[in-house]
1. Considering only residues that are of a type in the set (K, R) and touching a strand residue (DSSP E or B) at 6+ places or on another chain (Cβ under 7 Å), look in segment 46-94 and name the one that is nearest to H111 (Cα to Cα).
2. Would you be able to tell me the number of residues in segment 46-94 that are of a type in the set (D, E) and in contact with a helix residue (DSSP H, G or I) (Cβ under 8 Å, 6 or more places away or on another chain)?
3. For D72, work out the one condition from (1) under 18 Å from S25 (Cα atoms); (2) at pLDDT 95 or above it doesn't fulfil.
4. Provide a single number: the residues in segment 97-135 that are polar (S, T, N, Q) and surrounded by fewer than 13 Cβ atoms within 10 Å (Cβ to Cβ).
5. Mind checking which residues of segment 1-30 are in a loop (DSSP other than H, G, I, E, B), under 30 Å from V137 (Cα atoms) and either more than 17 Å from the chain's Cα centre (by Cα) or at pLDDT 70 or above (or both)?
6. In this structure, does L49 turn out to be touching a His at 6+ places or on another chain (Cβ under 9 Å), within 30 Å of K94 (Cβ to Cβ) and hydrophobic (A, V, I, L, M, F, W, C)?
Amino acid sequence: MCSVLRVAMATLLALAVAQVAHAASAADGLWQAGSGGGVIEIHDCGDALCGRVIDSTDLRANPDLRDDANHDPSLRNRLVKGLDILRGFKGGPKEWTEGRIYDPANGHTYHANLKLLAPDRLKVTGCLILPLCGAQVWRKISTLAAKP
């Protein structure tokens, strides 16, 4: 009987750990970027946060917009819509570091950090090199559904 109880407890513990591992980050959702009318979807990608372009003023004018400012000529034909521009952000639940943010407008990738200022406000800081940094505050416009 003890072994059955141990197996049941181990199963419950494994399920609890799996639920925590799949819990959505507070940053998951759709965010209105600070400029260009951009909408970015932030989501969990493994043990990090990532984000992709969903919409922008430029995309509404040209849905076929390409990543033509990319420094790598082999990547210039990629569509901007759906393009991963945030990747590798570690940490949480309110601050994420060690990430990269790509700006398709100029083809540059920056070291970046994210900081949740409020449930609907995210400070995005990008640095070419310290102290050459810039920041924007993004506004949350929608929360993504939790993963099963």
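1. Looking only at segment 46-94, we keep the residues that are of a type in the set (K, R), and these are 52, 60, 66, 76, 78, 81, 87, 90, 94.
When the remaining residues are screened for being touching a strand residue (DSSP E or B) at 6+ places or on another chain (Cβ under 7 Å), the result is 52, 66, 76, 78, 81, 87, 90, 94.
On the way: R52: 16, R66: 23, R76: 21, R78: 22, K81: 22, R87: 10, K90: 12, K94: 18 Å.
Taking the candidates together, the pick is R87.
2. Residues of segment 46-94 of a type in the set (D, E): 47, 55, 58, 64, 67-68, 72, 84.
Still in the running and in contact with a helix residue (DSSP H, G or I) (Cβ under 8 Å, 6 or more places away or on another chain): 67.
Qualifying residue count, segment 46-94: 1.
3. Result: D72 passes all but (1).
4. As a first pass, look at segment 97-135 and keep what is polar (S, T, N, Q): 97, 106, 109, 113, 125.
If we keep only those that are surrounded by fewer than 13 Cβ atoms within 10 Å (Cβ to Cβ) too, we end up with 106.
Summing the residues that are polar (S, T, N, Q) and surrounded by fewer than 13 Cβ atoms within 10 Å (Cβ to Cβ) in segment 97-135 gives 1.
5. Pass one, segment 1-30, residues in a loop (DSSP other than H, G, I, E, B): 1, 22-28.
Okay, now just the ones that are also under 30 Å from V137 (Cα atoms), so 22-28.
Residues satisfying the conditions are A24, S25, A26, A27, D28.
6. Values: touching a His at 6+ places or on another chain (Cβ under 9 Å): yes; within 30 Å of K94 (Cβ to Cβ): yes; hydrophobic (A, V, I, L, M, F, W, C): yes.
Yes.
The values are calculated or read from the model by the stated rules, or taken from the named source; none is laboratory data. What you see is a predicted model; the values in this text were computed from it and never measured. Glycine also receives a Cβ, built like all others from the backbone with ideal geometry; neighbour counts cover every protein chain displayed.
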